[in-house]
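Comments concern the structure below.
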Amino acid sequence: MSSRPLVIVLGMPKTGTESIAKFFTCNKWKSSHWTCPGHGYCGQCLLRWVAAVAGSSIADGADLLREACGDFDVFSQIDYEPSGACLFPQVTYLPTLLRYLPNAYFVLNTRPTAHWLSSAAQWGNMLERLTQACPINPRNSTGLGQWYEAILSAHRKPCAMQMSVTLIEVNLENATVPMGKVSNAGGPTLSNASFLAPP
C-alpha cells in the first residue's frame, strides 16, 4: 500500500477537480477522479468507509480508506449524484474526514461563484439537477450560488479550528497562487517541491 500521505480534494465538481488529478498524475502520484476503479464511484466507497470508521477509536483511517476505495494517493472528486439526491460526502462528512485522516492534506479548490455556476450550466444538466435536488432557497441559480459559498465557508472553519489539519486552498482561476502553496493552522508550510517529493 502507498506510503505517501493522502490528498483529499474537497472542492465541488467544476472547480478543477480533473485538472488537479492530472497535475498529481503528471508528478507520479496515483490519482482517482470521480470513479475509483474496482470500487465504484469514489463517493460510494467513501460512504462505506465513513460507515466503517465513524464512532470508532481508530486513530488513522487512511489505510482503511485505501482498502475501501483503492490504493490511491489522491482522491480528486469524491462526490456522486444518485438520482434526485444532492450527496456530497466532503460536505456532509467533513468532520469524519478530519477526525479519521489526521495526516492527510485537504485541498479546497475554488473558483468565483458566477464562473462555477456558468461552468455547471454548460455541463449537461448539472445546474438543473443541483437546483432541483440540493437544499437551496430560492430554488434557482441565486440560491445555488449562496449554497456554494456557504459550503466554502463551512470547509474553512473546521479546518482552521483543528490544529493538526493541513488545508491547501487553490483558486482555479488565480494563476498567482501556486498549486503547492499551503495554508494551515499549526502545521508546517510546504513548498511545491517538498509537497511532491517522493516518499
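Evaluate the stretch 57-67: report whether one residue or more is basic (K, R) and surrounded by 15 or more Cβ atoms within 10 Å (Cβ to Cβ). Checked the stretch 57-67: at least one residue is basic (K, R) and surrounded by 15 or more Cβ atoms within 10 Å (Cβ to Cβ). Limited to the stretch 61-74, what total is found for residues that are of a type in the set (D, E), over 20 Å from S19 (Cβ atoms) and either touching a Phe, Trp or Tyr at 6+ places or on another chain (Cβ under 7 Å) or in a helix (DSSP H, G or I) (or both)? Total satisfying the criteria: 2.
Looking only at residues in the stretch 1-48 that are surrounded by 16 or more Cβ atoms within 10 Å (Cβ to Cβ) and touching a Gly at 6+ places or on another chain (Cβ under 7 Å), the one that is farthest from H115 (Cα to Cα) is H39. Take the residues in the stretch 80-112 that are of a type in the set (S, T, Y) and buried (at least 17 other Cβ atoms within 10 Å of the Cβ), then tell me which one is nearest to L167 (Cα to Cα). Across the stretch 80-112, the extreme among qualifying residues is Y105. Summed over the stretch 92-147, the residues that are part of a helix (DSSP H, G or I) and out of contact with any Asp or Glu (no Cβ under 9 Å at 6 or more places or on another chain) give a count of 24.
Listed by first and then second residue, the pairs with beta-carbon distance under 8 Å, at least 6 apart or on different chains, first residue in the stretch 31-43 and farther than 20 Å from V91 by Cα, second surrounded by fewer than 17 Cβ atoms within 10 Å (Cβ to Cβ) and among the charged types (D, E, K, R), are S31/K22. Here Q77 passes the criteria (1) part of a loop (DSSP other than H, G, I, E, B); (2) surrounded by fewer than 13 Cβ atoms within 10 Å (Cβ to Cβ); (3) touching a helix residue (DSSP H, G or I) at 6+ places or on another chain (Cβ under 8 Å) except the one numbered (2).
Readers should treat all values here as calculations from the given coordinates under stated rules, not as data from a laboratory. Here the structure is a predicted model, which means the values were calculated and not measured. Methodologically, a virtual Cβ is constructed for each residue, glycine included, from the backbone with ideal geometry; neighbour enumeration extends over all protein chains shown.
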